[in-house]
Amino acid sequence: MVPLNYYLILSAIVFIIGVVGVLIRRNLIIVLMSIELMLNAVNLTFIAFSRFLGSMEGQVVVFFVMAVAAAEAVIGLAIIISVFRHRETLDPQEMQLLKW
Amino acid sequence: MNPSTVIFFVLAVLLVLSSLMVVFVRNVVHAAVALVAALLLIAIFFITLQAPMVGVLQVMVYAGAIMVLFLFVIMFLNPMTPERPRRAWWALGTILALLLGALLLPIVSKGELLADPVAATEFFGSPESLAKSLFTEFVLPFEIASIVLLVAIVGGVVLAKRER
Amino acid sequence: MAAFDLLRWIPLIPLLGSAINLFFGRALGKKTAGALACAAVGAPFALACYVFWQLPAAGIFRDTVYTWMDSGAFQVNVSFQIDALSAVMLLIVTGIGFLIHVYSLGYMEHDEDLVRFFVYLNLFIFFMLVLVMGDNLLLLFVGWEGVGLCSYLLVGFWYHDPNNSIAGNKAFIVNRIGDFGFVLGMLLLLTELGRQGVWTLDFLELQKHASMLSPAIISVITLLLFVGATGKSAQIPLFVWLPDAMAGPTPVSALIHAATMVTAGVYMTARLHFLFALAPETLALIAVIGAATAFFAATVAVTQNDIKKVLAYSTVSQLGYMFLALGVGAFSAAIFHVFTHAFFKACLFLGSGSVIHAMGGEQDMRKMGGLKSYMPATYWTYVIATLAISGAPFTAGFFSKDLILWQAFSHGATVLWGIGLFTAGLTAFYMFRQLIMVFHGDCRADAHTKAHLHESPTVMTLPLIVLAIGSIFTGWLGSPEYLWGSRWDRWLEPLFGAAEAHHGSVQTEVTVTLITLGVVAVGIIIAFIKYGRAGAKISASATEGGFFYGLSLNKYYVDEIYDAVIVRPFTACSVFFARFFDPWVIDGAVNGVAATARGFSSIWRGLQTGNVQHYVAGFLLGTLALLAYYLGQT
Amino acid sequence: MIVDVAIVAAKAFLVLFMVLNLAGVLGWIERKGSALIQDRIGANRASIFGFAGLGLVNTMIADPLKFLTKEDFIPPTGDKFLHTLAPCMALFTALVTFAVIPFGDVLVLGERVINLQVANINIGVLYVLAMGSLGVYGIVIGAWASNNKFSLLGGVRGSAQMISYEIAMGLSIMGILMVYGTLELQEIARDQGTLIRDLLPQWLGFLKPIIGWLPAWGIFLQPLAFLLFFTAAVAETKRIPFDLPEGESELVAGYHVEYSGGKFLMFFAGEFAEIVTVAGLVATLFFGGWQIPYLMRDGFHFPWGGAWLLSQLAVAALQVGAFTIKVLFFCWLQILLRWSVPRFRYDQVMRLGWKMLLPAALINVAITAIVIVAVQ
């Protein structure tokens, strides 16, 4: 049986990789995908805890995370499409009109 | 090292590799395919952790629907202008992420190694057990989730519709 | 005391009527809206009659709807209460209100804004009912302010003419001064009683605990409350708004500015009689002001040429009588005069409205005359009401005014009685002057108006007839002891109790009455001598009538004096503040605060780059700090 | 342990072999069938050393050979890796789906109980749907990797179409899941062995003589679901009348326009494997799977009395045979459909999926729920 810590370390690594993606990539679609990666890293933690604590709650939470992630992806992609239509770019650093 | 640990490490290495590809590959489609691979690997992890229902749902929802949507949008927009990375920002981001790792890893790796405290039953993780918690204890969040999805559908249509 | 759930519907029905007409009135159409508005007052009248019939058995009805505010020991309920006094006012408000609503159907028939008119009118009835039915001073004040608002809205009803709006403003602002006194008095009462450990504004509670206050405090409180009463009931010095308020439609003048709202001050004083009875100085002042107002307004009324202005000053004068009665402690007599006055003054106003309606909007009496033959119903009802207000024997005014004069005399206020007596003569004179100028002699109207002269429709004459009947017989309820005795005093006895002990013998009383009748007769005769003769000079101007005539015609220049002494300095002061204080000090402070905030934010706004990834980095930094803190803890 | 692995491997091999060969056979059937429908001869050129008599065998061998010997062309501006990955994914998802479809009841050999199904997992239906949803990647990635406008258009069309019809397909299965109360395909197949008279409640007893003798197959319990599922499944295979992603007359060949040789063969075989899978699913979900009416584990028991006892092996053989015949029938039905119906327009495809199938599936679920509550 693989110990719980292994899963936690693995998901921490994946999570950090996702963070890096969100931080440095200049393509909104990849940023969004990195967010999905982070969500999945957290999901892995939930499932691992669910298994090792013998509680279904972790799996239920993952179920909800998936629902929310689906909604988030739909809205995020719709926003990307409408932004791309207006500005012909996917670079988040060029979308900075919303400031002082 | 028993077989399950070996399988774990093989899958873990693959997962980390595909995750790295998602973030560092230039081509958006390659990144998306790498993400699909990562999601499938995570689904396999779910199944090995006695969550087959969630695992299959992961394949259906994430790999089967969300990522197709991503690919669809990528093809729809077909953004071929290459990114112009900024070195300083890359360095900063990497340093911050490494710092996060340095702080996070000690937390998750310490503490006693739990080794299967609960003998997982056949029932655990099955559709019945998931449904039981979903429709009793979590029925309100479940209904709210359905509303969230409805709102997302409407919002997606409104946002992506070309205004006339 | 008995609980009675039906009570809340008495004010609610007019409110509902108002709301329905407000939202759906236009869709319903004029006829339906008008009928609805009338029904919304008629139904409470029926309820009021039922309540009145049931009242003797119960003593007091009370209906607590809900708790309005609950602050420590202090609690105010929205709660309605009917006792003998409220019941009388309730009948006046709903009964006469209903008649005037019906009358308005005819009077306002051709007006574009009929629906709006009825919305206001129903709203007024609602607030007036809250005023007379509230079981605490605060609820009374709500009604008090509400009727003030409706008065403002209705005076300026024809807002296309700026003069009407100005008159509305004047009514509102002058009332505000009085209301300020009212609020101060109420707050003082609350805090002073609170200091004794009784936090209440409930009338019954107040009555129970009134004796806990020191006489000096009571004097101050009652004086302040009386300031409120002078505003609402048009007494010196705040009477100036009432003549101008005649700019509103005539039914409004009849309902608000003659029968109901302006008597609110009298009602309030009577309602708080237990307080006023403990403050003899205030009562004395009230008596003096009442008598002075009565006399003063009567002298003005003598020379006015506007048919409604005469009635307006007459109203002020009659209100003065009421306050005279209050001042000598004859609360029952004051309310009795409120009751009879409501009938004959409403009748007079509606009659004048009928005349104005016939004359096509003309209000100058100099251009009338000889209308007797054109509009008999209006004429005869007008005659009856004129006789009643003049105090002709066995009319309503005879009983009520005589009672007041007798009370003044018997309480030893001989000088005030003398003034009242003289005023009675003046009243008879100017009322008959008006009657003669409007209905007798030759018609001085131009040919066009003459051709259109007509009797008013039945919806207008019917209320007149009912009110004329009331102008005679309502007085019979309060006949003196030497005739058939007063049902009125017996009705109000549980409330005002032995406060009204009659002094003096029957002989004296009869003698006093005869003197009054003599003075009244002299006034009538002079009126006929001066204006009744054929070819009498009707049109007089200020220059040819002598000094006093001019003084009276110009209302003693009170408006001008107020303008010079109060309004102009006040305006000058406002201008100073507007020009200098506001832009430099106030705006400077506000702008300074804004500038300070902007100055500091210019330092920090660099953080808001608009770049999502920068925000994510900030996010991450925060997470790192939290994690580091957590690690440091363990 | 090793024997178990060997049995599973054998079953997997058997199924793979059968499906792939069936795909080959279907290729020939399609050629000949279309020729029959269009009143021509068709597929008569393949000959082995001049011998053209064995049309089926010849074509089955000649087709793959032809593909495999052709040049494998990759567009120079395309993406080499993904171009190769795409057909593999298409074929893979089509083949692995069959793993959970049972082709027979259990076979008892001595002490060993062999489940005639490659993998018996308790969420078989979901697995089918999940693999079906992965199938879209073959198209999308292949289309994009070709770097061709036609193929990209085909890929976009394909992904939209497959996502749309997946929903209707999943919801139409929902009725079946509610009726049989399980996600296991083997369980579903087993439950269809009962007769309707055993399911009828007391107050519907009068129906027993009329329909009580029917087996409780999905087609009888969920007729609407069958129509919806079959339509959606055909749309998922992207064949006429739903072949918008290929659209030969508009997009040349759609997503596989830049494919040739072995990779094209994989797409080609994947498509036929999908047909077989759909047929297997339809048979399992709605037509009793391996069930033959009144055939129990020990032989036939007829509702009107009487029995015909059979040995266990014979029963197993009968079951597998019945399943095969059902699968073949539905394969033939799909091919017949393809050559009988014209292609939809794209908006019609979308309207059918979202405005007709989806609401109908939802209504079906609602009605099923009400009926289930009423019957219980």
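Just a few scattered comments:
- Of everything in the range D:22-63 that is touching a Leu at 6+ places or on another chain (Cβ under 9 Å) and of a type in the set (Val, Ile, Thr), the residue that is modelled with the highest pLDDT is D:Ile37.
- Just one of the listed residues (D:Leu152, D:Leu134) is assigned to a helix (DSSP H, G or I), within 12 Å of another protein chain (Cβ to nearest Cβ), over 23 Å from D:Thr277 (Cα atoms) and not acidic (Asp, Glu), and it is D:Leu152.
- Some residue of the range D:323-342 being over 17 Å from the mean Cα position of the chain (by Cα), aliphatic (A, V, I, L, M) and over 14 Å from D:Gln291 (Cβ atoms): yes
- Taking the range D:220-307 as the region of interest, the helices (runs of 4 or more DSSP H) fully inside it that hold 1 or more residues being buried (at least 24 other Cβ atoms within 10 Å of the Cβ) are D:223-236, D:261-286.
- Looking across the range A:71-94, the residues that are within 14 Å of chain C (Cβ to nearest Cβ), touching a residue at least 40 places away in the same chain (Cβ under 8 Å) and within 15 Å of A:Leu32 (Cβ to Cβ) come down to A:Gly76, A:Ile80, A:Val83, A:Leu90, A:Asp91, A:Pro92.
- Output for the range C:213-229, where each listed residue is closer than 11 Å to C:Gly181 by Cα, surrounded by fewer than 24 Cβ atoms within 10 Å (Cβ to Cβ) and in contact (Cβ under 8 Å) with a residue 40 or more places away in the chain: C:Leu223, C:Leu224, C:Val227
- In this structure, A:Ile17 does satisfy being more than 21 Å from B:Met53 (Cα to Cα), within 7 Å of another protein chain (Cβ to nearest Cβ) and either buried (at least 24 other Cβ atoms within 10 Å of the Cβ) or under 13 Å from the mean Cα position of the chain (by Cα) (or both).
- Selection from the range B:47-57 of residues that are more than 8 Å from chain D (Cβ to nearest Cβ) and crowded, with 23+ Cβ neighbours inside 10 Å: B:Leu49, B:Ala51, B:Val54, B:Gly55
Per-residue answers, yes or no, for (1) more than 10 Å from chain A (Cβ to nearest Cβ); (2) of a type in the set (Ser, Thr, Tyr):
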| position | (1), (2) |
| --- | --- |
| B:Pro127 | yes, no |
| B:Leu130 | no, no |
| B:Glu137 | no, no |
| B:Leu140 | yes, no |
| B:Ser146 | no, yes |
| B:Val158 | no, no |
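- Qualifying residue in the range A:58-70 (condition: among the small types (Gly, Ala, Ser), at the interface with chain B (Cβ under 7 Å from one of its Cβ atoms), buried (at least 24 other Cβ atoms within 10 Å of the Cβ) and free of Cβ contacts under 8 Å to residues at least 60 places away in the same chain): no
- Those helices (runs of 4 or more DSSP H) lying entirely in the range C:549-617 with at least 1 residues touching a residue at least 60 places away in the same chain (Cβ under 8 Å) and on the phi < 0 side of the Ramachandran plot: C:558-562
- Single residue of B:Met21, B:Met60, B:Met67, B:Met75 found to be under 19 Å from the mean Cα position of the chain (by Cα), in a helix (DSSP H, G or I), at the interface with another protein chain (Cβ under 7 Å from one of its Cβ atoms) and crowded, with 17+ Cβ neighbours inside 10 Å: B:Met60
- Scan of the range C:305-358 for residues that are under 12 Å from C:Ala258 (Cβ atoms) and of a type in the set (A, V, I, L, M), ordered by number: C:Leu311, C:Ala312, C:Val316, C:Leu319, C:Val338, C:Ala342, C:Ala346, C:Leu348, C:Leu350
- Of all residues in the range A:20-29, those satisfying the criterion of being within 15 Å of A:Ile79 (Cβ to Cβ) and facing chain B (nearest Cβ under 7 Å) are A:Asn27, A:Ile29.
- Any hit, the range C:460-472, residues being surrounded by 12 or more Cβ atoms within 10 Å (Cβ to Cβ), without any contact (Cβ under 8 Å) to a residue 40 or more places away in the chain and over 15 Å from C:Val383 (Cα atoms): no
- Any hit, the range C:365-388, residues being in a helix (DSSP H, G or I), crowded, with 24+ Cβ neighbours inside 10 Å and within 19 Å of the chain's Cα centre (by Cα): no
- Output for the range D:328-349, where each listed residue is over 17 Å from D:Ile275 (Cα atoms) and surrounded by 17 or more Cβ atoms within 10 Å (Cβ to Cβ): D:Arg343, D:Phe344, D:Val349
- If you go through the range C:224-278 and pick out every residue that is in a helix (DSSP H, G or I) and over 18 Å from C:Val93 (Cα atoms), you end up with 19.
- Of all the listed residues (A:Ser34, A:Ser11, A:Ser50), the sole one being crowded, with 22+ Cβ neighbours inside 10 Å, in a helix (DSSP H, G or I) and more than 7 Å from every other protein chain (Cβ to nearest Cβ) is A:Ser11.
- In the range D:93-131, residue surrounded by the most Cβ atoms within 10 Å (Cβ to Cβ) [restricted to those that are of a type in the set (A, V, I, L, M), assigned to a helix (DSSP H, G or I) and in contact (Cβ under 8 Å) with a residue 40 or more places away in the chain]: D:Ala94
- Set C:Leu416, C:Leu421, C:Leu483: member being among the aliphatic types (A, V, I, L, M), free of Cβ contacts under 8 Å to residues at least 60 places away in the same chain and more than 30 Å from C:Leu105 (Cα to Cα): C:Leu483
- Checked against the criterion of being of a type outside the set (Phe, Trp, Tyr), surrounded by 18 or more Cβ atoms within 10 Å (Cβ to Cβ) and under 20 Å from the mean Cα position of the chain (by Cα), the candidates C:Ala87, C:Ala48, C:Ala33, C:Ala40 yield just one match: C:Ala87.
- Filter pass, C:Gly523 being in contact with a Ser or Thr (Cβ under 8 Å, 6 or more places away or on another chain), in the same structural domain as C:Leu371 (by TED's automatic domain parsing) and either at pLDDT below 90 or not β-branched (Val, Ile, Thr) (or both): yes
The values are calculated or read from the model by the stated rules, or taken from the named source; none is laboratory data. Please read all numbers here as calculations on a predicted model, not as lab measurements. Because the Cβ atoms are built from the backbone with ideal geometry, glycine has one as well, and the counts that use them run over all protein chains shown.
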